[in-house]
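The values are calculated or read from the model by the stated rules, or taken from the named source; none is laboratory data. This one's a predicted model, so the numbers in the text were calculated from it and none came from an experiment. So basically every Cβ, Gly included, is an ideal-geometry build from the backbone, and we count neighbours across all protein chains shown.
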Amino acid sequence: MSVDPATVKKIARLARIRVDEAELPALADEVNGILHFVEQLQSVDVEGVAPLTSVVHRSLPLRDDVVTDGGSAETLLANAPDRIECFFTVPKVVE
Amino acid sequence: MSNPNLIQGATGEWEMVIGLEVHAQVTSNAKLFSGAATTFGAEPNSQVSTVDAGFPGMLPVINRYCVEQAVRTGLGLKAKINLTSVFDRKNYFYADLPNGYQISQYKDPIVGEGRLILDMKDGSTREIGITRLHLEQDAGKSMHDQHPNLTFVDLNRAGVALMEIVSEPDMRSAEEAALYLTKLRTVLRYLGTCDGNMEEGSMRADVNVSVRRPGAEFGTRCEIKNVNSIRFVRAAIEYEARRQIDILEDGGKIDQETRLFDSGKGVTRSMRSKEDAHDYRYFPDPDLLPLVLDAEWVAEIEKGLPELPDEKKARLVADYGIKPYDASVLVAEREPADFFEAVAKGRDPKLAASWIMGDYFAMLNRLGKSVTDSPVSAKALGELIDLIADDTISGRIAKEVFEAMVETGKAPGAIVEEKGLRQVTDTGAIEAAIDEVLARNADKVAEYRSGKDKLFGFFVGQVMKATQGKANPAAVNEILKGKLSP
């Protein structure tokens with residue numbers, strides 16, 4: 001599998017990363033390098049081996065259904081670039 | 001047999017194919033991955049933890065009760081519970097999604113295939129397949145109408161647990177889609193896993209619609225996002241199917257796209273900004289290990305399930321002999337079904353059903369009340385039915401007593417005594433009243449005897465009037481017949 005500069009451009013756009021047209025071919029080469037490495041990994045026979053989800057042997061911790069947080073709008077909004085009263089505000093995004 | 005669901009186009013018949021993705025908010029105190037509260041209508045940003053606001057370094061910890069609620073819902077939908085499920089990141093950018101991704105489940109959802117039974121108007125049933133149910137986070141709320149060039153963001157809803165319940169494309173009309181939503185809401189309410197309140201956004205539907213020639217392959221579908229009432233779902237489907245048929249009949253083709261229902265205009269329109277919407281670049285969330293459930297815990301949850309609407313309906317039909325459709329109306333919510341049983345126990349169940357579905361429901365509608373805050377209790381309605389059954393009052397007088405019960409809250413027995421409504425069953429008194437009526441209307445008696453038997457009703461009416469409606473109607477009929485026969 002390999003990607004062309006147009007695909008790299010699309011991925012960058014989806015990830016909201018600005019990339020100059022001129023950089024695209026070089027980036028495509030880099031991404032293809034990674035994909036090539038993964039392709040080599042694919043050749044390993046893993047038949048019957050369960051996917052490794054974590055290197056620590058433990059299960060997902062679960063929490064009780066009790067309210068332990070919240071009530072701190074001022075703290076949350078303290079670093080917000082823009083606010084009105086207790087709302088975050090952003091340039092209008094409307095459908 | 002002609003299929004009533006088919007739509008007549010200019011070039012022949014078309015069939016709708018509909019599938020629904022319902023987002024149901026899990027009833028819980030705290031959010032899916034944080035300890036912030038979920039109460040509706042709180043002050044903006046007052047129920048937000050640093051996890052929900054996407055602060056750097058914050059880690060999600062899953063709420064056990066939300067998992068239990070999802071399992072309970074799966075069991076209620078007779079679905080397969082997956083003992084291992086995985087949380088993934090669904091990546092997209094929007095102002096009310098602080099992390100830039102929603103934690104959801106993609107390849108391995110917590111619940112697999114199940115089913116939902118629809119109760120059709122004619123008393124028959126229809127089964128709709130459930131593809132899956134998965135747990136995910138809700139996003140925050142954006143408000144676009146507060147300022148000329150700013151959007152306001154409130155993150156109180158961000159991180160609240162949702163169940164996305166996906167149906168198979170098994171529905172063939174807007175009516176069936178409406179029945180599906182209604183029934184799903186009923187099941188969720190019985191289970192106590194979602195309050196089903198569409199006005200508060202606790203239940204929202206994405207509607208997938210396509211059209212095809214009857215029996216042909218599925219056509220290309222469009223997805224109508226975030227429809228928030230059953231009425232709008234119906235309207236959106238009707239509009240969208242017609243739009244697609246018009247395009248196809250003009251020789252065009254349908255673009256698979258995301259559309260929005262404009263409830264003001266009653267139309268759907270394309271959401272151009274969602275062109276890349278399906279490119280979510282899912283990957284397993286590295287902050288969360290797979291969710292592994294203990295089979296014993298699942299069995300325990302199953303043991304605790306309440307009697308569900310389908311079982312309750314079957315039991316009401318079997319035990320009380322009422323009609324399947326009546327039973328499905330009664331079980332649409334838990335309270336009316338319980339109310340019916342309280343009234344029907346030890347009484348004539350058909351009489352109980354007809355009173356509850358007739359005068360009693362009409363009264364609730366009129367007063368805008370529900371069974372829980374009704375002015376007439378099950379005990380009081382039962383007593384009224386007892387008074388009819390033992391001939392203390394007639395069915396007609398019972399309606400008058402019922403109105404007085406609604407107004408005064410008094411017991412039916414007390415009202416009957418107070419107003420002197422006790423039915424006259426003393427045949428002597430009834431005979432006397434009849435004799436008097438016949439004597440006063442000798443001309444009509446002659447007409448009746450000469451063959452104008454429609455006048456019988458007139459005599460009954462006169463006798464009932466003379467006795468202020470208190471004469472036992474059966475006795476009146478019988479005695480009157482005897483006296484009028486030549």
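Taken over the range B:22-68, residues that are over 14 Å from A:Asp65 (Cβ atoms) and facing another protein chain (nearest Cβ under 9 Å) amount to 13. The lone criterion from (1) within 11 Å of another protein chain (Cβ to nearest Cβ); (2) in contact with an Asp or Glu (Cβ under 9 Å, 6 or more places away or on another chain) left unmet by B:Asn82 is number (1). Restricting the range A:43-81 to residues that are among the acidic types (Asp, Glu) and facing chain B (nearest Cβ under 7 Å), the residue that is surrounded by the fewest Cβ atoms within 10 Å (Cβ to Cβ) is A:Asp64.
All of A:Thr68, A:Thr75 fail the test of being among the β-branched types (Val, Ile, Thr) and either more than 18 Å from B:Gly140 (Cβ to Cβ) or modelled with pLDDT of 95 or more (or both), apart from A:Thr68.
Working carefully through the options A:Ile11, A:Ile17, A:Ile84, find the one that is over 30 Å from B:Pro148 (Cβ atoms) and within 11 Å of chain B (Cβ to nearest Cβ). Testing whether each residue is over 30 Å from B:Pro148 (Cβ atoms) and within 11 Å of chain B (Cβ to nearest Cβ) leaves just A:Ile11. A search for C-beta distances below 6 Å between a residue of the range A:54-81 that is over 14 Å from B:Ser28 (Cα atoms) and any residue that is in a strand (DSSP E or B) and not charged (D, E, K, R), counting only pairs 6+ apart in sequence or on different chains, returns A:Ser59/B:Val292; A:Leu60/B:Leu291; A:Leu62/B:Ile62; A:Asp69/B:Ala36; A:Gly70/B:Ala36; A:Gly70/B:Ala37; A:Ala80/A:Phe88.
Residues of the range B:108-150 that are charged (D, E, K, R) and within 14 Å of chain A (Cβ to nearest Cβ): B:Asp108, B:Lys141, B:Asp145. Kindly evaluate B:Gly215 against the criterion of being in a loop (DSSP other than H, G, I, E, B) and surrounded by 23 or more Cβ atoms within 10 Å (Cβ to Cβ). It is false that B:Gly215 is in a loop (DSSP other than H, G, I, E, B) and surrounded by 23 or more Cβ atoms within 10 Å (Cβ to Cβ). Residue selection: B:Phe40 satisfies the criterion of being touching a residue at least 40 places away in the same chain (Cβ under 8 Å), surrounded by fewer than 24 Cβ atoms within 10 Å (Cβ to Cβ), hydrophobic (A, V, I, L, M, F, W, C) and not in a strand (DSSP E or B). For residues in the range B:111-141 being of a type in the set (D, E, K, R), under 20 Å from the mean Cα position of the chain (by Cα) and part of a loop (DSSP other than H, G, I, E, B), which is nearest to B:Arg157 (Cα to Cα)? Per the stated criteria, the residue is B:Lys121. Residues in the range B:154-199 that are assigned to a strand (DSSP E or B) and within 14 Å of chain A (Cβ to nearest Cβ): B:Asp154, B:Ala161. Is there a residue being over 30 Å from B:Leu116 (Cα atoms), in the same structural domain as B:Phe218 (by TED's automatic domain parsing) and either modelled with pLDDT of 95 or more or more than 31 Å from the chain's Cα centre (by Cα) (or both) anywhere in the range B:27-34? Scanning the range B:27-34, I find at least one residue that is over 30 Å from B:Leu116 (Cα atoms), in the same structural domain as B:Phe218 (by TED's automatic domain parsing) and either modelled with pLDDT of 95 or more or more than 31 Å from the chain's Cα centre (by Cα) (or both), so the answer is yes. Suppose the filter is within 12 Å of B:Val298 (Cα to Cα) and surrounded by fewer than 20 Cβ atoms within 10 Å (Cβ to Cβ); does B:Lys90 pass it? Judged against the criteria, B:Lys90 is not a match.
Every condition in (1) of a type outside the set (Ser, Thr, Tyr); (2) assigned to a helix (DSSP H, G or I); (3) more than 18 Å from B:Lys470 (Cβ to Cβ) is met by B:Lys410 except one, and the failing one is (2).
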